[in-house]
Amino acid sequence: MTPIILVHGAWHGAWCWLRVLRELELRERGALAIDLPGMGDDTTPPAEMSLDLWALSIGEALKRVNKPPLLVGHSMGGLAISQAAELNPHLVGGLVYLCAYLPQDGDSLIAAAGRNAPGTSLVEPVFSEDGTTVSVTEACLRPAFYADCSDQDYAFAKARIKPMGARPTLEPVHLTPERFGRVPRHYIECLQDQAVPIDQQRAMVAASPCQSVHTLDTSHSPFLSAPGGLADILCGTES
């Protein structure tokens, strides 16, 4: 079976996939979750973080599995896995975007997020005075990311959210039809998402058609609120 590599989004880390990893293990599906440089438990300084560094880090993870895996990106992780696929198309069996940004060539996170209809995304990013880091306001955390999560799960996530380097949010991806474009794409949309609203998810898929589209009736964090359902979709998705 095709292995799975899980890539988190902004402000998160490999910790967010713990329940999904357990569910995949129950289904006897090989999977691993990684920390992007400067995220989770990784100690890369925020000023050294970049989209290219993230893509290179994912490339190293791709070499750790025995066959081209499904590369799953959540939210901002969609840009990271896209750039990694551009650099290593022969190492990627398929790309899975979990309520993620599915970029066009030249997109940055800031540019892609700017296409949200006004007031539809509840994410409130805050850049540091020197512009090197970006955090998210506590007031928006639950409604934007964890609206359908339990109090216990919200507390678990809140304790682990941390600022990140701002540079990756500003840098554009560089994608070509010959490399990124040859890798099969799949999308998992989340109907209750208040971070990447469903209308934007569907607009991105319309602009970059995917081999399959799946639906979860969850907020932005199905890895906490619906890990079993998410694992079922991943196990049913092949390159």
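Exactly one residue among Val123, Val96 is on the phi < 0 side of the Ramachandran plot, modelled with pLDDT under 95 and either of a type in the set (Asp, Glu) or within 16 Å of the chain's Cα centre (by Cα) (or both), and that residue is Val123.
Take Ile188 and decide whether it is within 30 Å of Leu91 (Cα to Cα), of a type in the set (Val, Ile, Thr) and either in contact with a Lys or Arg (Cβ under 8 Å, 6 or more places away or on another chain) or at pLDDT 95 or above (or both). The answer is yes for Ile188. Scanning region 134-159 for residues that are closer than 21 Å to Cys190 by Cβ, of a type in the set (D, E, K, R) and either touching a residue at least 12 places away in the same chain (Cβ under 8 Å) or crowded, with 16+ Cβ neighbours inside 10 Å (or both) returns Arg142, Asp148, Asp153, Lys158. Being in a loop (DSSP other than H, G, I, E, B) and free of Cβ contacts under 8 Å to residues at least 12 places away in the same chain is the filter here, so list the residues in region 119-133 that pass it. Residues satisfying the conditions are Gly119, Glu129, Asp130. When each of Asn116, Asn66 is tested for being touching a residue at least 12 places away in the same chain (Cβ under 8 Å), surrounded by 16 or more Cβ atoms within 10 Å (Cβ to Cβ) and not β-branched (Val, Ile, Thr), the lone residue that passes is Asn116.
Scanning region 190-210 for residues that are part of a loop (DSSP other than H, G, I, E, B) and within 23 Å of Gly106 (Cβ to Cβ) turns up Ala195, Val196, Pro197, Ser208, Pro209, Cys210.
Every residue, every condition in (1) without any contact (Cβ under 8 Å) to a residue 40 or more places away in the chain; (2) surrounded by fewer than 16 Cβ atoms within 10 Å (Cβ to Cβ); (3) in contact with a Gly (Cβ under 6 Å, 6 or more places away or on another chain), yes or no:
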residue: Glu28; (1), (2), (3): yes, yes, no
residue: Leu32; (1), (2), (3): yes, no, no
residue: Gly38; (1), (2), (3): no, no, yes
residue: Ser50; (1), (2), (3): no, no, no
residue: Trp54; (1), (2), (3): no, no, no
residue: Val72; (1), (2), (3): no, no, no
residue: Leu79; (1), (2), (3): no, no, no
residue: Asn88; (1), (2), (3): yes, no, yes
residue: Leu91; (1), (2), (3): yes, no, no
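The values are calculated or read from the model by the stated rules, or taken from the named source; none is laboratory data. These numbers come from a predicted model, not from an experiment. Backbone-built Cβ (ideal geometry, glycine too); neighbour counts: all protein chains shown.
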